[in-house]
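Structure first, then comments.
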Amino acid sequence: MMMGDPQKHRILMVSDFFYPNFGGVENHIYYLSQCLLKLGHKVVVATHSYGNRSGVRYMTGGLKVYYVPWRPFVMQNTLPTFYGLLPIIRIILIRERITVVHGHQAFSTFCHEALMHARTMGYKVVFTDHSLYGFSDVGSIHMNKVLQFTLADVSQAICVSHTSKENTVLRSGLPPEKVFVVPNAVDTSIFKPAVNRPSGPEIVIVVISRLVYRKGVDLLVEVIPEVCRLHPNVRFIIGGDGPKRVRLEEMREKHSLQDRVEMLGAVQHVQVRSVLISGHIFLNSSLTEAFCIAILEAASCGLLTVSTRVGGVPEVLPDEMIVLAEPDPGDMVHAIQKAISILPKIDPQVMHNRMRELYNWHDVAKRTEIVYDRALKCSNQNLLERLSRYLFCGAWAGKLFCLVMIVGFLLWQLLELWQPEDDIEEVSDFSLPHNCDEDMLEENPVK
């Protein structure tokens, strides 16, 4: 089927987070894009530059990526400029003949600015929220107001769990009927159990996570020594890096656990499976989590999961594949003991087969396709109709948001005069032959 088919979408994925950086959002964008390409849609990704990676690159399956020469400011986020991205985003939208702009992650400034400019130019936009936020601390209050601004004029929104949907609706004031729940998935062709499961009396508990406060590292500091005291045959492997790593190293020194707690440091995504299959139990101690792809990857490799009962985690796995605990050291130790007791009943291959049935990126792509269809059916609105939505964002914030949008509209009109749309050359479409097997996604994503 030709790319110009009117029934097919032309999608621009926008976020600060994409390869070569690794994480849940990056993997989500890549695998979703690959599956949408296989469905016959045109998919282009726009993100900021990473080191020397700037300009246009192509990845597996002909996925085109614009690495905009915009340097990250903090935590891989670009500096908020409001209008700095308008010229380049406008050119990309016109050159690629985009019909839907899909933004990812609430704290991506690149995403917020791209969606704002896309709506100014009349494009339909979809936003996917990958995280949970609170309502009381200063950072959350600020982020919720930014999200309210972006989602005031969004066509449709996607959340990765029902808990995430409730959180997003409360934070943004978005009507629930405009928010869809589409979970993450896992590539089961990559994450599969070891041919020979680790045997012997030793039990290995694996932790792979960013070592930050939100991931519950302080809980691990109290849980690990107690589990090692109660079970002499238990050993821990910890993969990941972050500011809280020093606390784990201090704990290991204090309790003389150097031979029982192995610190791997940062683990590349291609190495995650090899780390997972060396263990029996996967431990997740997050204090907040919208979904947690790491749990899916561990379960697909046949590991029994022990996790804190927070956010959308209880929705991820069936009860027989996970042991939940409150984010309390005592309750987590009890959950680990329970997991150790039921470990002999676990069949890694059965777990893998179950995950293959439950989570599939092709299913995620088809469900996302429905959201795009709904977005394109939304009515077009002029500037005055759109401004009325922003006025409801707060007594002062609403007026400020309206001013931002009016200035953006005027700058867009100036760009139209300076470089008319008809003067911008549209790129030719081309498609690469796809291998229809599931093994397609096994290929190295970064080319």
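The values are calculated or read from the model by the stated rules, or taken from the named source; none is laboratory data. Small disclaimer: the values here were computed from a predicted structure and weren't measured. Glycine also receives a Cβ, built like all others from the backbone with ideal geometry; neighbour counts cover every protein chain displayed. Please note that ligands, DNA and RNA were not included when accessible areas were found on the heavy atoms of the full protein model with its side chains. Shrake-Rupley method; radii C 1.70, N 1.55, O 1.52, S 1.80 Å.
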Between a first residue in the stretch 406-417 that is touching a residue at least 12 places away in the same chain (Cβ under 8 Å) and a second residue that is not in a helix (DSSP H, G or I), which pairs have beta carbons less than 9 Å apart while being 6 or more apart in sequence or on different chains?
Val407/Phe82; Val407/Tyr83; Gly408/Phe82; Gly408/Tyr83; Leu411/Tyr83; Trp412/Met121
Residue that is among the aliphatic types (A, V, I, L, M), modelled with pLDDT under 95 and under 26 Å from Gly302 (Cα atoms), where the choices are Ile203, Ile190:
Ile190
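Here is a yes/no grid of residues against (1) in contact (Cβ under 8 Å) with a residue 40 or more places away in the chain; (2) not in a helix (DSSP H, G or I):
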residue: Val323; (1), (2): no, yes
residue: Gly330; (1), (2): no, no
residue: His334; (1), (2): no, no
residue: Ser341; (1), (2): no, no
residue: Pro344; (1), (2): no, no
residue: Val350; (1), (2): no, no
residue: Asn353; (1), (2): no, no
residue: Glu357; (1), (2): no, no
residue: Lys366; (1), (2): yes, no
Looking at Ser33 and the list (1) over 18 Å from Ala114 (Cβ atoms); (2) of a type in the set (Gly, Ala, Ser); (3) assigned to a helix (DSSP H, G or I), which single condition is not satisfied?
(1)
Within the stretch 228-248, of all residues that are assigned to a helix (DSSP H, G or I) and free of Cβ contacts under 8 Å to residues at least 24 places away in the same chain, the one nearest to the chain's Cα centre (by Cα) is Val246
Residues of the stretch 274-295 that turn out to be open to solvent by 10 Å² or more (accessible area, probe 1.4 Å) and either modelled with pLDDT of 95 or more or over 16 Å from Val186 (Cβ atoms) (or both), as a count:
8
Selection from the stretch 55-90 of residues open to solvent by 50 Å² or more (accessible area, probe 1.4 Å), over 25 Å from Ser131 (Cβ atoms) and either assigned to a loop (DSSP other than H, G, I, E, B) or touching a residue at least 12 places away in the same chain (Cβ under 8 Å) (or both) yields Arg57, Tyr58, Pro69, Tyr83, Pro87, Ile88
Going by the conditions given, is Phe17 touching a helix residue (DSSP H, G or I) at 6+ places or on another chain (Cβ under 8 Å), assigned to a loop (DSSP other than H, G, I, E, B), of a type in the set (Phe, Trp, Tyr) and open to solvent by less than 40 Å² (accessible area, probe 1.4 Å)?
yes
What residue, of Ser140, Ser136, is open to solvent by 20 Å² or more (accessible area, probe 1.4 Å), among the hydroxyl-bearing types (Ser, Thr, Tyr) and at pLDDT below 95?
Ser136
Looking at the stretch 163-187, which of its residues are of a type in the set (Gly, Ala, Ser) and either open to solvent by 50 Å² or more (accessible area, probe 1.4 Å) or at pLDDT 90 or above (or both)?
Ser164, Gly173, Ala185
